[in-house]
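One structure is given below, encoded as structure tokens.
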Amino acid sequence: MAMLPLALLLAGAGADVHSLGNPEAVRPTHLALDLTLRFESRTIAGAAELTLEDAARPPAPHLDLDTRDLKVARVSDAATGRALEFALGEPVPHLGRRLRVTLGSPRPRRVRIEYETSPGASALQWLEPRQTTSGRMPFLFTQSQAIHARSWIPCMDSPAVRTTYEAVVRAPAGMTAVMSAAHLGHEPAQGVFRFRMDHPIPAYLIALAAGEIGFKALSLRTGVYAEPAVLEKAAWEFADVEKMVQANERLYGPYRWERWDTIVLPPSFPYGGMENPRLTFATPTLIAGDRSLTSTMAHELAHSWSGNLVTNATWGDFWLNEGFTTYIENRLVEELYGREVAEMEVLLGQRELREFVSDPQTKPGDTRLFIDLAGRDPDDGSNVLPYEKGASFLRVLEARFGRPRLDRFLRQYFDAHAFRSMTTAGFLEILKRDLFGGDAAAWKAAGVEQWVYGEGIPDTLVVPPSARFDKARAAAAAFAATGAVDGVRPDWTTTERLGFLNSLPRALTRAQLDALDRSFRFSQSGNAEILFAWLLHAVRNTYEPAFPSLERFLTGMGRRKFLRPLYRAMHENPQTQALARRIYDRARPTYHPIAVATVDEILGVRGPAGG
Ligand code: BES
Ligand code: ZN
């Protein structure tokens, strides 16, 4: 193998189609933020100072940044205060507007941008006090992945561009602010908080939350933040997180971010979890009361290696983040809860993958691991495929080389490329060299390129055996055939219950649904995953007795993973379309802008035009 291509590939030569920045010409290395949170106007008044390094010779005339819906008031040389010329470009669909700063001479080393966000900023959700648990204070949180950082910070919003950052956050007195950074100190009476992230990270990992927030330590380096009313329950639910960190360290080397805290956000948080460094953001729907949904925590932790240390260079390389993380998540589940549980979770994931691949609405091109997202919103690409096909590919490698060798390879990969971004082609070169030892025949036999660049699910898929999952499947088949529910055991875990529910046929009769709900009270389930799986059956089969529960669920939380399939199923069933509109009318004002965009598209609602 030649040396040159690898070096080139690792340099991330391919441009990021989702950024309007010019990192090839000039590189920001540090970002200093001063943010004033203004709840009355739902805006942040900000100053961002970017420290620059010339990447090109001769030095670039311009600095190009990403923005979306930002009002830029002034740009200056931070050292001298001298004003710099700037211009906002025309809005580009999905991307926002380029901010072009003329650097001039003498060249500023730090560029200061004074700006204001808009009330519709796509990263931000501003909650009224009544949308929080205690109802005492308003709440704000951000969601920057994939390309929403630009709606609250002018920056090079590409996962291939990393900076360290520091921030001063000015919140109303009495409020607590937290960020994905070390907490340096605060003056609560003034509402001033200071943060610092000394490891270089991409903009999508910059995160902020502010509101009435308490903290409880779980171990020396882990803890949980939440609204006070949720704190105790959250601490109980997440009691295993220190064990998770230790398991992850045993497998893939030291945890590099010093602390791992989690903040449980209000229910409108649009994701299950978001791996913001040092501070995972989590949905309260993980709090099932029995620790049965903590694999999501294992997932977000695993991103501290796959994603946050070694980062997908573009959103088309997203599987490098999510596929690796899903694989590691499952290894952690095995370490903590045993092989049987882990294997059942693999099978649940593979079922979702098969459903996605065989869904007539899925474009064949979207069943590739490495995908072309040019001209598309990268949030469109966040479906199950990069997660489960990516993890399945690593399991193929595991079967071929054995765990010890794959683990050694992965650990070395994380070490060698820590705090850098990685392309799919770059990863494949490393894989060929370090795991396959350049053996072209083995490479071919493993079908690597077919897995990564081909469509569908290659037949080398490794399907683990699982006696317990077989029983759940058999119980579903027996129920479908005879209506007998005695195959369902009272001691089944959440995973087995999900295996059962997901193995039921799509078409169920009213009598069958009645029998299920009578026996298992699915409509009343306090477990969000089980409730979701049940409600999907209810919608597809127009099972009206479950509709009050459906409405409660959809107006009570805003997690995209649950909203998308439920609204889609309601929209596809002519008998539930009106219900979908009625529920959404009520729920829309309570959802995060990212969830609103998703559901607007499903139901064909025209929202306020975005940049
Ligand atoms: N990083 C993702 C969430 C994400 C992906 C946000 C793409 C924005 C764009 C996070 O790690 C994640 O995958 N969350 C999952 C849970 C996980 C257990 C599969 C979720 O939110 O459901
Ligand atoms: Zn993830």
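Throughout, read-outs are computed from the coordinates displayed, never taken from laboratory work. No experiment lies behind these values; they were computed from the predicted model shown. FYI the Cβ positions are ideal-geometry reconstructions off the backbone, even for glycines, and counts take in every protein chain you see.
If only Cα atoms are counted, what is the Rg of the range 232-316, and what is its Dmax, in Å?
12.9, 40
Straight-line reach only, C-alpha to C-alpha below 16 angstrom: list the lysines that K432 could link to, leaving out same-chain residues fewer than 8 apart.
Once the sequence-local lysines are set aside, what remains near K432 is K444.
Report P(r) for the range 420-521: all Cα-Cα distances, bin width 5 Å, range 0 to the bin holding the largest distance, values in whole percent.
2, 10, 16, 14, 9, 7, 8, 10, 9, 7, 6, 1
If you project the alpha carbons of the range 124-277 onto the principal axes, what extent comes out on each, in Å, largest first?
Principal extents (largest minus smallest coordinate, Cα): 43, 39, 30 Å.
Calculate the length of the line joining the C-alpha centroid of the range 384-456 to that of the range 29-53, in whole Å.
39
Would you mind checking the pairs K243/K389; K216/K243; K233/K471; K471/K561; K71/K561 and listing those with alpha carbons more than 21 angstrom apart?
K243/K389; K233/K471; K471/K561; K71/K561
Take the eigenvalues of the Cα gyration tensor for the range 515-611, scale each by 5, and report the square roots as semi-axes in whole Å, largest first.
24, 14, 10
How much space per residue, in cubic angstrom, does the convex hull of the C-alpha atoms of the range 254-363 take up?
125
Set the Förster radius R0 to 45 Å, insert the Cβ-Cβ distance between D439 and E601 as r into 1/(1 + (r/R0)^6), and round the FRET efficiency to 0.05.
Using R0 = 45 Å, I get an efficiency of 0.50.
What per residue convex hull volume, in Å³, do the alpha-carbon atoms of the range 440-583 yield?
Convex hull of Cα atoms, per residue: 148 Å³.
Among N312, T36, V384, whose Cα projects farthest towards the positive end of the dipole of the chain, with charges put on the beta-carbon of Lys, Arg (+1) and Asp, Glu (-1)?
T36
Give me a comma-separated list of calculated 3J(HN,Hα) values for the range 346-361, in order, Karplus coefficients 6.51, -1.76, 1.60 applied at θ = phi - 60°, integers in Hz, x for any Gly or Pro.
After applying 6.51 cos²θ - 1.76 cosθ + 1.60, I find 4, 5, 4, x, 5, 5, 4, 4, 4, 5, 5, 5, 8, 5, x, 7 Hz.
Principal axis lengths of the chain from Cα atoms, whole Å, largest first?
Rounded to whole Å, the extents work out to 82, 62, 48 Å.
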